Amino acid sequence: MRVTSGKVFSGHIEDEPLPDGVVVTVLARERDESFELDASAEAELLLSLAEADRGELIPAEDVLRSFRDDV
């Protein structure tokens, strides 16, 4: 799994090329939507981003399986 971001131009998402047939999920913020983090949550987010940059990721299949197991 890869996390990436892009911008919409003329109704299309501009991003680095993805292989044909890849399945994607798009989360779109509203134009005026924002969020705030307290210092603890911001520190946790920064640590998580650093882990992702190092390739320390949990496979998507494991995450999805954990959701199914909770039901």
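Among the residues of the stretch 25-44, which ones are over 25 Å from ILE13 (Cα atoms) and of a type in the set (A, V, I, L, M)?
Passing the criteria: LEU37, ALA39, ALA41, ALA43.
Does the stretch 3-14 contain at least one residue that is modelled with pLDDT under 85 and touching a Lys or Arg at 6+ places or on another chain (Cβ under 9 Å)?
Yes, because at least one residue in the stretch 3-14 is modelled with pLDDT under 85 and touching a Lys or Arg at 6+ places or on another chain (Cβ under 9 Å).
Residue under question is ALA50, and the condition is that it be part of a helix (DSSP H, G or I), closer than 28 Å to GLU14 by Cβ and at pLDDT 90 or above; does it hold?
yes
Could you give me the residue pairs with C-beta distances under 9 Å whose first residue belongs to the stretch 45-71 and is on the phi < 0 side of the Ramachandran plot, whose second residue is part of a helix (DSSP H, G or I) and among the aliphatic types (A, V, I, L, M) wherever it lies, and which are 6+ apart or on separate chains?
Listed by first residue and then by second, the contacts come to GLU56/ALA50.
The values are calculated or read from the model by the stated rules, or taken from the named source; none is laboratory data. This structure is a prediction, so every number in the text was calculated from the model and none was measured. Note: ideal-geometry Cβ built from the backbone for every residue, glycine included; neighbour counts use all protein chains shown.
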